[in-house]
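Input: a single structure, listed below in structure tokens.
FYI, it's all coordinate maths here, none of it is from the lab. Everything numeric in this text was worked out from a predicted model, so none of it was measured. Here the Cβ is made from the backbone with ideal geometry for all residues, glycine too, and neighbour counts use every protein chain on show.
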Amino acid sequence: MMTQTAQPVGTFSKEVGWYHPTLFEVPEETRQLLEEYSDVPTDQVIPHILRYRDLLWDVFPYPTIGQFRFVALSFYSQRSYASIVELLKKGGRYLDIGCAVGQDLRRLVLDGCPSTNFYAVEIAGGYVDLSYGLFADKETLAARFIKADFRDETVESTQALLGTVDVCHVGMVLHIWDLEDQIKACVRLTDFLNKKKDLEQSLGDYMPRGPFIVGTSAGRTVASVANEGIGGKQNYLHDVESFKVMWKEVGKRTGLKFQTNVWTHSRFGLDGEKAHWNDPGRRILVWEVTRV
């Protein structure tokens, strides 16, 4: 029998370190989303999450699902979040790559942003289907979901978004690939950004006025190659400096300039676990990349 650490990402077994059997705490911003946006009774929030977690696990068992990160609002914790909300309220176009159940875009709606100019891409289409039950908004949410790989240039609905996006969010996606494929994915992400030089407003002293990409990725205190891609394929885990170097390479390949800001934390799972299941050097990278 394989150990918890030996089983590859993609196994449906629940005997893995990234499947948490139960949930004890729910962050206030997540609870508020479910109670106020989805009308889930206070005493039913945790049972509701548990029920949908197992339904989502049966679609595809990503660690994001097993650790309840599918309702952890990582975008909400971005330093530029308040400014992004104001931009989107004025009609900025938002694209969520690897949106899972669209939790982050629904939090934006709760915070007053119109969903008519929201787009989201998710390769696991079953997540999108289940999201309408999780958030009880099938008849009200105007955001358009595209069930596809965002890198696929034959998908007309994603191709139509090229050069039009003001804010692109990429939550816990890039680290599933090796370094070269991450660079290619980032080049593709830049193709979606609005062709205008400047946005209508600054998003803070540390961010130039340009369309930008924000997100989170799994990383390490020291960058390294791993074998934690889907099915045990090789992938690359960045540290802060290597992530910045990657975006310099993206700039060389695209002929564009980017400002890259990266922060780290070690909170894993919705309960705020302070350690990765088998790697104390693991970190979450929180990043914002602005075209300048």
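At a glance:
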| item | result |
| --- | --- |
| DSSP beta bridges in the stretch 72-291 [antiparallel fraction, %, rounded to 5] | 55 percent |
| Estimated 222 nm signal from helices in the chain, with DSSP H stretches of n ≥ 4 weighted -39500 (n - 2.57), rounded to 500 | -8500 deg cm²/dmol |
| Integer Hz, Karplus 6.51/-1.76/1.60 couplings in order for the stretch 40-52, x for Gly and Pro | 7, x, 3, 6, 10, 4, 5, x, 5, 5, 4, 4, 6 |
| Size of charge dipole - the chain - debye, nearest 20, with Cβ of Lys, Arg +1 and Asp, Glu -1, no other charges | 940 debye |
| Projected label distance in nm at Leu110 and Glu35, using a 7 Å step from Cα toward the beta-carbon | 1.0 nm |
| Mean separation of Cα contacts under 8 Å, 6 or more apart, over the residue count of the chain: relative contact order % | 18 percent |
| Lys/Arg +1, Asp/Glu -1 at C-beta; the chain dipole; positive extreme among Thr22, Trp177, Ser242 | Ser242 |
| For the stretch 1-125, diffusion coefficient by Stokes-Einstein and Kirkwood Rh (Cα), 4 °C, 1.567 mPa s, µm²/s | 82 µm²/s |
| Contour minus Cα-Cα distance for Glu180 and Glu156 (0.36 nm per residue) | 6.1 nm |
| Of the trypsin sites (Lys or Arg not before Pro) in the stretch 152-195, those whose Cβ has at most 14 other Cβ within 10 Å and which sit in DSSP loop | Lys195 |
| Whole-Hz ³J(HN,Hα) from phi, Karplus 6.51 cos²θ - 1.76 cosθ + 1.60, for the stretch 14-31, glycine and proline x | 8, 8, 10, x, 9, 10, 8, x, 9, 9, 10, 10, 10, x, 4, 5, 6, 4 |
| Dipole axis of the chain (+1 Lys, Arg; -1 Asp, Glu on Cβ), positive-most option in Ala124, Thr42, Ser83 | Ser83 |
| Pairwise label distance in nanometres, Asp58 with Lys233, each label 7 Å out on the Cα-Cβ vector | 2.7 nm |
| Pairwise FRET efficiency - Arg253 versus Glu15, Cβ, R0 = 41 Å, nearest 0.05 | 0.45 |
| Rounded D (µm²/s) - the stretch 72-291, Kirkwood Rh over Cα pairs, Stokes-Einstein at 20 °C, 1.002 mPa s | 121 µm²/s |
| Relative packing of 255-266, 163-174, which averages over residues the other C-beta atoms within 10 Å, highest first | 163-174, 255-266 |
